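Worksheet: one structure, shown below.
The values are calculated or read from the model by the stated rules, or taken from the named source; none is laboratory data. None of the values given here were measured: they were computed from a predicted structure. FYI the Cβ positions are ideal-geometry reconstructions off the backbone, even for glycines, and counts take in every protein chain you see. These area figures cover heavy atoms from the full protein model, side chains too; ligands, DNA and RNA do not enter into them. Shrake-Rupley method; radii C 1.70, N 1.55, O 1.52, S 1.80 Å.
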Amino acid sequence: MAKSSKIEWTHHTFNPWWGCIKVSPACVNCYAETWARRIGKSDLWGKTSQRRFFSDKHWKEPLRWNKEAEAEGQRKRVFCASMADVFERRAELNPWRDRLWQLIEQTPWLDWLLLTKRPQNFKTYLPWKELPPNVWLGITAENQKYFDKRIEYLLEIPATVHFLSCEPLLGKIDISQHADQGINWIIAGGESGHKSRPMNPSWVKSLRDQCREADIAFHFKQWGHWGPQEPSSNRRTSTIIVSDRDEETVLFGLGKGKAGRMLDGVTWDELPI
């Protein structure tokens, strides 16, 4: 959990628990698993692994955020969950899901961003006939295959905001068949870490252009480890060549911080209205 999250597209993060099971290519270099291992919690990923649960103090934090947001007269976004998947099909999670639904209802000044790779479970676990207005539903879509596989489950549930997290973006995605069906926001970005897979600049530029065409808010989070900017110093830097049709692009292993998040000279921080 984090107040004033470092994730650019949210104000806070909240985790009802930690742990998950990998289900698609986006999970291969899971940042949440890496972070958990870094702090000595290496047994939270997999079908037979336990999940990590939290105290009442942890669960009271969003109530405080809600009071602060109301006092400011400014709504706040909460990403739920950065270290888990709320819609993981696992019976022991049901009491904690129920507690989360109650918390969402108790915090109307917080917009809860529920992001999942398991949208087929929406109807099983969402308790409402109509979603509260402070629930935003999102799916991870790392390439065309998983966009096609998940998008219809997302759009069949009416929500204040439908959003896509195309991070890590692992292939070109054509959203045209669904662009006018209620997609409100797309977040895109490359993978970070030394084992990261490169993101072809043409993939993210295509998504940006499709968003502009369809009047969808676009947020470019990061290049990740591999970026197109040449290093400013003479320091030796690893490179990789990516291609799209007949065009080749050299990417430099700069690391997340130095690669930055500028796309064609612009910082894309759009939000859904």
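For the range 223-242, which residues satisfy the criterion of being touching a residue at least 12 places away in the same chain (Cβ under 8 Å) and surrounded by fewer than 21 Cβ atoms within 10 Å (Cβ to Cβ)? Spell out the reasoning first.
Just the residues of the range 223-242 that are touching a residue at least 12 places away in the same chain (Cβ under 8 Å), to begin with: 223-231, 237-240, 242.
Answer for the range 223-242, where residues must be touching a residue at least 12 places away in the same chain (Cβ under 8 Å) and surrounded by fewer than 21 Cβ atoms within 10 Å (Cβ to Cβ): 228, 229, 230, 231, 237, 238, 239, 240, 242.
Kindly evaluate residue 112 against the criterion of being open to solvent by 40 Å² or more (accessible area, probe 1.4 Å) and of a type in the set (Phe, Trp, Tyr). Before the answer, list the steps.
Values: open to solvent by 40 Å² or more (accessible area, probe 1.4 Å): no; of a type in the set (Phe, Trp, Tyr): yes.
No: the conditions fail for residue 112.
Take the range 177-200 and flag every residue that is closer than 16 Å to residue 215 by Cβ, touching a residue at least 40 places away in the same chain (Cβ under 8 Å) and open to solvent by less than 10 Å² (accessible area, probe 1.4 Å). Outline the logic, then answer.
Let us first name the residues in the range 177-200 that are closer than 16 Å to residue 215 by Cβ, namely 178-186.
Subsequent filtering for residues that are touching a residue at least 40 places away in the same chain (Cβ under 8 Å) retains 184-185.
185, the sole residue that qualifies.
Please work out which one of (1) under 27 Å from residue 125 (Cα atoms); (2) open to solvent by 30 Å² or more (accessible area, probe 1.4 Å) is the condition residue 166 fails and give its number.
(2)
Taking residue 79 as meeting all but one of (1) among the aromatic types (Phe, Trp, Tyr); (2) closer than 21 Å to residue 35 by Cβ; (3) touching a Phe, Trp or Tyr at 6+ places or on another chain (Cβ under 7 Å), write down the number of the exception.
(3)
Can you name every residue in the range 237-268 that is closer than 16 Å to residue 224 by Cβ and part of a loop (DSSP other than H, G, I, E, B)? Before you say what the answer is, go through the steps one by one.
As a first pass, look at the range 237-268 and keep what is closer than 16 Å to residue 224 by Cβ: 237-240, 242, 249-263, 267-268.
The answer is 237, 238, 254, 255, 260, 261, 268.
Tally the residues that are in a loop (DSSP other than H, G, I, E, B), within 16 Å of the chain's Cα centre (by Cα) and closer than 16 Å to residue 144 by Cα, restricting the search to the range 174-190.
2
Report every pair of residues separated by at least 6 positions or lying on different chains whose Cβ atoms are under 9 Å apart, first residue within the range 246-273 and hydroxyl-bearing (Ser, Thr, Tyr), second open to solvent by 80 Å² or more (accessible area, probe 1.4 Å).
Cβ pairs passing all conditions: 249/241.
Pull up the range 30-63, narrow it to residues that are open to solvent by 50 Å² or more (accessible area, probe 1.4 Å) and in contact (Cβ under 8 Å) with a residue 60 or more places away in the chain, then point me to the one that is farthest from residue 80 (Cα to Cα). Before the answer, list the steps.
Filtering the range 30-63 for residues open to solvent by 50 Å² or more (accessible area, probe 1.4 Å) gives 31, 34-35, 37-43, 47-48, 50, 52-53, 55-57, 60, 63.
The next check asks that each one be in contact (Cβ under 8 Å) with a residue 60 or more places away in the chain; those that pass are 31, 34.
Values: 31: 15, 34: 18 Å.
Ranking the candidates gives 34 first.
Can you work out which of the residues in the range 243-273 that are charged (D, E, K, R) and modelled with pLDDT of 95 or more is surrounded by the fewest Cβ atoms within 10 Å (Cβ to Cβ)? Before the answer, list the steps.
As a first pass, look at the range 243-273 and keep what is charged (D, E, K, R): 244-248, 256, 258, 261, 264, 269-270.
Narrowing the set further to residues that are modelled with pLDDT of 95 or more leaves 261, 264, 269-270.
Values: 261: 19, 264: 10, 269: 13, 270: 17.
Within the range 243-273, the match that is surrounded by the fewest Cβ atoms within 10 Å (Cβ to Cβ) is 264.
Among the residues of the range 202-215, write down those that are out of contact with any strand residue (DSSP E or B) (no Cβ under 6 Å at 6 or more places or on another chain) and open to solvent by less than 40 Å² (accessible area, probe 1.4 Å). Give the steps one after another, and end with the answer.
Let us first name the residues in the range 202-215 that are out of contact with any strand residue (DSSP E or B) (no Cβ under 6 Å at 6 or more places or on another chain), namely 203, 205-206, 209-210, 212-215.
Correct list: 206, 210, 214.
For the range 73-157, list the helices (runs of 4 or more DSSP H) that sit wholly inside it and hold at least 1 residues that are touching a residue at least 60 places away in the same chain (Cβ under 8 Å); which are they? First the steps, then the outcome.
Numbers: elements: 94-106, 122-125, 144-155.
Output list reads 94-106, 144-155.
Given the criterion closer than 24 Å to residue 149 by Cα and in contact with a helix residue (DSSP H, G or I) (Cβ under 8 Å, 6 or more places away or on another chain), identify the matching residue among 78, 86.
Going through 78, 86 in turn, just one is closer than 24 Å to residue 149 by Cα and in contact with a helix residue (DSSP H, G or I) (Cβ under 8 Å, 6 or more places away or on another chain): 86.
Return the residue satisfying two criteria in turn: it lies in the range 120-163 and is open to solvent by 30 Å² or more (accessible area, probe 1.4 Å) and of a type in the set (Asp, Glu), and of such residues it is farthest from the chain's Cα centre (by Cα).
Among them, the one singled out is 130.
Among the residues in the range 86-101, are any surrounded by 13 or more Cβ atoms within 10 Å (Cβ to Cβ) and in contact with a Ser or Thr (Cβ under 7 Å, 6 or more places away or on another chain)?
yes
Determine if the range 209-227 includes at least one residue that is of a type outside the set (Asp, Glu), closer than 25 Å to residue 32 by Cα, in contact with a His (Cβ under 9 Å, 6 or more places away or on another chain) and assigned to a loop (DSSP other than H, G, I, E, B). Before you say what the answer is, go through the steps one by one.
Let us first name the residues in the range 209-227 that are of a type outside the set (Asp, Glu), namely 210-212, 214, 216-227.
Of the ones still in play, those that are also closer than 25 Å to residue 32 by Cα are 218-227.
Next cut, in contact with a His (Cβ under 9 Å, 6 or more places away or on another chain) only: 225.
Then drop every residue that is not assigned to a loop (DSSP other than H, G, I, E, B), which leaves 225.
For the range 209-227, residues of a type outside the set (Asp, Glu), closer than 25 Å to residue 32 by Cα, in contact with a His (Cβ under 9 Å, 6 or more places away or on another chain) and assigned to a loop (DSSP other than H, G, I, E, B): present.
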